[in-house]
1. Within the range 1-29, which residues are touching a residue at least 12 places away in the same chain (Cβ under 8 Å), part of a loop (DSSP other than H, G, I, E, B) and touching a strand residue (DSSP E or B) at 6+ places or on another chain (Cβ under 6 Å)?
2. Whether any residue in the range 14-25 is touching a Leu at 6+ places or on another chain (Cβ under 7 Å), within 28 Å of VAL159 (Cα to Cα) and surrounded by 12 or more Cβ atoms within 10 Å (Cβ to Cβ) is what I want to check.
3. Would you list the strands (runs of 3 or more DSSP E) that sit entirely within the range 68-187 and hold 3 or more residues that are touching a Phe, Trp or Tyr at 6+ places or on another chain (Cβ under 8 Å), touching a residue at least 40 places away in the same chain (Cβ under 8 Å) and closer than 19 Å to ASN42 by Cα?
4. Out of the residues in the range 72-104 that are more than 14 Å from SER138 (Cα to Cα) and polar (S, T, N, Q), state the one that is surrounded by the most Cβ atoms within 10 Å (Cβ to Cβ).
5. Out of everything in the range 114-158 that is under 14 Å from PHE91 (Cα atoms) and of a type in the set (Val, Ile, Thr), what residue ends up being surrounded by the most Cβ atoms within 10 Å (Cβ to Cβ)?
6. Being buried (at least 19 other Cβ atoms within 10 Å of the Cβ) and within 22 Å of GLY86 (Cβ to Cβ) is the filter here; which residues of the range 159-180 pass it?
Amino acid sequence: MGAGSTIWAVDEDSEPRKLWNDKVTVVGSLSYSPDGKYIAFNNLLDSPVPFAKAGLWVIETDSEQASFLTVMDGGHGQQPLWSRDGAELYFVRRDNLDDTTADYKAEALVSSVRAFRLEEREERELASSDGARQIDLSLTLAGELVFASNRGGGAELWVVSPDGSLRQVTIDGSAKRHPLIVSPGYGCPGQSASRLRPPIMVNTRWTMMTTATSRLSAMPALAPPIAHFGGM
């Protein structure tokens with residue numbers, strides 16, 4: 001701790017350029033926009049607090065201008081994700097910022113899934129907290145967000161679309177984390193809505209979840225398992 005953070009950019013035929021330097025915060029979860037014009041990242045105070053709030057920032061790669069956008073969940077690598085067209089950033093926002101218990105205990109965290117439209121500087125809610133924790137965002141080729149949530153009890157997988165349509169996709173009651181889309185063709189243009197939904201690999205009992213409707217069922221893993229980090 002105490003070293004701060006620096007972000008550098010380097011091209012194949014040029015010297016490294018310093019884009020960001022701060023002696024009191026830690027930068028993480030860098031993400032390039034689809035057009036390469038921006039780098040999104042979060043930063044939080046360099047401290048031992050495990051679930052501290054973080055700032056969501058972007059840097060213009062050409063002008064090196066950094067802009068603060070909003071506050072997000074800074075605990076354990078909540079990475080901001082770019083929409084397919086680069087117009088929006090998706091992220092998890094911690095909603096109980098004033099609850100110091102949640103700074104140290106994951107079970108006390110309350111968070112929602114948000115979208116931030118870069119050009120208009122507008123933030124909107126996609127999935128409310130419902131008094132629970134949302135975590136592990138993953139973007140499908142169709143532009144939907146898969147995430148884990150303990151709303152209603154154990155951690156199950158949910159999907160929310162860019163227009164805020166929310167649906168639950170697992171219901172077996174076993175805790176799940178780190179959903180990963182493993183069907184490369186899902187969401188491709190021209191694909192019928194009646195086709196199978198994407199297989200989703202999750203890290204509970206080393207199973208892969210697949211479905212023909214909105215309800216998933218467990219089957220033996222057909223691909224290398226995701227590293228197991230436990231439930232929520």
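1. GLY4
2. Within the range 14-25 (the criterion being touching a Leu at 6+ places or on another chain (Cβ under 7 Å), within 28 Å of VAL159 (Cα to Cα) and surrounded by 12 or more Cβ atoms within 10 Å (Cβ to Cβ)), the answer is no, since none of the residues qualifies.
3. Qualifying strands (runs of 3 or more DSSP E): 88-94, 111-117, 134-139.
4. Going residue by residue through the range 72-104, those that are more than 14 Å from SER138 (Cα to Cα) are 72-76, 85-88, 93-104.
Right, trim to polar (S, T, N, Q) and you get 96, 100-101.
On the way: ASN96: 17, THR100: 11, THR101: 11.
Only one residue fits best here, namely ASN96.
5. In this case the residue turns out to be ILE135.
6. Scanning the range 159-180 gives VAL159, VAL160.
Here's the yes/no breakdown for (1) modelled with pLDDT of 85 or more; (2) farther than 28 Å from ARG133 by Cα; (3) over 15 Å from the mean Cα position of the chain (by Cα):
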position: SER31; (1), (2), (3): yes, no, no
position: ASN42; (1), (2), (3): yes, no, no
position: ALA66; (1), (2), (3): yes, yes, yes
position: GLY74; (1), (2), (3): no, no, no
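The values are calculated or read from the model by the stated rules, or taken from the named source; none is laboratory data. Bear in mind the structure is a predicted one, so any value in this text is a computation, not a measurement. Ideal geometry is used to build each Cβ from the backbone, glycine not excepted, and the neighbour counts take in all protein chains shown.
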